[in-house]
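Remarks on the structure that follows.
Each reported figure results from applying straightforward, stated rules to the coordinates on display, with no laboratory input. Only a predicted model underlies this, so the values are computations on that prediction, with no experimental measurement involved. No Cβ is skipped: glycine too gets one built from the backbone with ideal geometry, and neighbour counts run over all protein chains shown.
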């Protein structure tokens, strides 16, 4: 079973590697170690692990960001969390597991054995999806923080773009894209996810658009309660009557 270790603390990575070696040196292969989320995504794409031991609390690109951006077929995930195990009793998913820090050998062995059994199951029954990830987030009490940079797709992988350079996010049949200085890049988020994640910096102007408040250059009334906003170096967008009051309020608020 191929295992990728992800933790931003070198001592924690070394301890996990040592425990894995003690548990089953013949049956488990450590295919890499990553000290941050971006490195984790790159190694996961290159080395295709069966299981990722994934720390949740990492700077900028945290464990849940990593999980969301993994390409198919996704590996099984064993999250590392500081939450007390009694708070996690409600969390139960075959393809997503957890160990509590500091990680104990017996609990890690149990989680790895569970993963090994899961991997022996038919491929269709192995996976997890974004809804399962959301359930894990609720169980862990996970609250995403407003990032200075955001992950977007780039070629076969991802890159980070400064949030302040993104003029707006738009949704279409291809997915949700970030409009920035270099063009438009697809993301792995929904607009609802982004609305929660980016906070007061952006305002929802329609079902399909989330706009950077700082990039709105001009607002005009259409005479029917709706608005037309002009975005810096971008198209004009119509704001529905239902959303017009919120847009005006956000523009008047101190930034």
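Helix 10-23 sits at what angle to the longest principal axis of the chain, using alpha carbons and giving 0 to 90 degrees rounded to 10? Taking the Cα atoms of the chain, the angle to 10-23 is about 40 degrees. Highest-first packing order for the peptide set 1-9, 49-57, 205-213, 144-152 is 49-57, 1-9, 205-213, 144-152, based on the mean count of other beta carbon atoms within 10 Å.
Using only alpha carbon pairs under 8 Å that are at least six residues apart, calculate the relative contact order of segment 127-255 and give it in whole percent. Here the relative contact order equals 16 percent.
Relative to the longest principal axis of the Cα atoms of the chain, helix 241-252 runs at roughly 90 degrees. In terms of packing, defined here as the mean over residues of other Cβ atoms within 10 angstrom, the peptides 218-224, 12-18 line up highest first as 12-18, 218-224. In this simple spin-label model, placing a label point 7 Å from the Cα along the Cα-to-Cβ direction at both residue 172 and residue 214 gives a separation of 2.7 nm. Calculated mean residue ellipticity, 222 nm, the chain: -9500 deg cm²/dmol, from DSSP H runs (n ≥ 4) at -39500 (n - 2.57) each, averaged per residue and rounded to 500. Cα centroid separation, segment 40-86 to segment 229-255: 37 Å.
In plain terms, the residue of 77, 216 with the fewest other Cβ atoms within 10 Å comes first and the most crowded comes last, giving 216, 77.
The Rg/Rh ratio for the chain, using Cα coordinates for both the radius of gyration and the Kirkwood hydrodynamic radius, is 1.06. Centre-to-centre separation between the Cα atoms of segment 1-18 and those of segment 96-146: 16 Å. Set the Förster distance to 51 Å, then compute FRET efficiency between residue 110 and residue 249 from the Cβ-Cβ distance, nearest 0.05. Efficiency computed from Cβ-Cβ geometry: 0.50. Taking every alpha-carbon pair under 8 Å whose residues sit at least 6 apart, the chain reaches a relative contact order of 11 percent. For segment 187-255, the Cα-based Rg and Dmax, in that order, read 11.7, 37 Å.
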